[in-house]
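Colleague: Once you've had a glance at the structure underneath, I'll fire off some questions.
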């Protein structure tokens, strides 16, 4: 109880009363959803009120004016829910989080269990993959992305500075995409030790 009070006070000092209260409410709601749908706990401790980069990332996505947006590793669909596109599809390997996303988000968004090899859309205006790819080695990520480059116009990815604190095993700079995609925008979106890249695929 004392530790929880300390965390709440630290949050208040960092974010102010209104945002701290919103984060607390959002986390509590996600904890309930986690118990109902059985998805991984980390989804419940990182609501968008805490990880506001998702709002900025969606704004970057909307600049593309895409018809078809696919996010691999979509989680609860917080980014897709903020993107304006006729077709939005989210893939995640966590069956529980996909069931929760279907319940929580608009039916205009399609959610499927799967990862890169399971993407079936023949043409993709924007492909999004952030956070989780840093758990996999570069050659694995390259083998996943390469087949999709033939179908995608833009990619939204993130790079994480090795010097910063991170739970990830790898720190991709996406240099392996040199000659196949070019960066058209690069933004930190309020994140420390991380930047988000909008890449245009070279056809």
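Colleague: Can you give the extra length, in nm with one decimal, that the chain gains between residue 113 and residue 59 once fully stretched, where that is 0.36 nm per residue apart less the Cα-Cα distance? Before the final figure, lay out the partial values.
Modeller: Details: separation 54, 0.36 × 54 = 19.44 nm, distance 2.53 nm.
Gain on stretching residue 113 to residue 59: 16.9 nm.
Colleague: What residues from region 90-123 fall in the zone where the backbone N is under 19 Å from a label point 7 Å along the Cα-to-C-beta line of residue 139?
Modeller: Under 19 Å, as judged by backbone N against the label point of residue 139, lie 117 of region 90-123.
Colleague: Grab the beta carbon distance between residue 18 and residue 202, set R0 = 45 Å, and tell me the FRET efficiency rounded to 0.05. Working shown, then result.
Modeller: Values: r = 45 Å, r/R0 = 1.00.
Approximately 0.50, to the nearest 0.05.
Colleague: May I pose another question? Report the full-extension gain for the segment residue 42 to residue 27: residue separation times 0.36 nm, less the Cα-Cα distance, to one decimal in nm.
Modeller: Taking 0.36 nm per residue and subtracting the Cα distance, the gain is 4.3 nm.
Colleague: Principal axis lengths of region 89-160 from Cα atoms, whole Å, largest first?
Modeller: Principal-axis extents of the Cα atoms in region 89-160, largest first: 34, 26, 20 Å.
Colleague: With each pseudo-label sitting 7 Å past Cα toward Cβ, what's the residue 132-residue 103 distance in nm, one decimal?
Modeller: 1.9 nm
Colleague: Using only Cα atoms, what is the ratio of the radius of gyration of region 23-88 to 2.2 N^0.38 Å?
Modeller: 1.21
Colleague: Restricting to bridges with both residues inside the chain, how much of the DSSP beta-bridge set is antiparallel, in percent to the nearest 5?
Modeller: Details: 13 of 30 bridges.
Around 45 percent antiparallel, to the nearest 5.
Colleague: Please work out, to two decimal places, the log10 of the ratio I(q)/I(0) at q = 0.19 Å⁻¹ from a Debye calculation in which every Cα of the chain carries one identical scatterer.
Modeller: Cα-only, vacuum Debye calculation for the chain: -1.50.
Colleague: Taking the chain as a Gaussian network, Cα atoms linked when under 10 Å apart, which of 22, 88, 112 shows the biggest mean-square fluctuation?
Modeller: The residue with the greatest mean-square fluctuation here is 22.
Where a number appears in this text, it was derived from the coordinates with a stated rule and is not lab data. Keep in mind that this is a model prediction, so the values were computed, not measured. For neighbour counting, all protein chains shown are included, and Cβ atoms are generated from backbone atoms with ideal geometry for every residue, glycine included.
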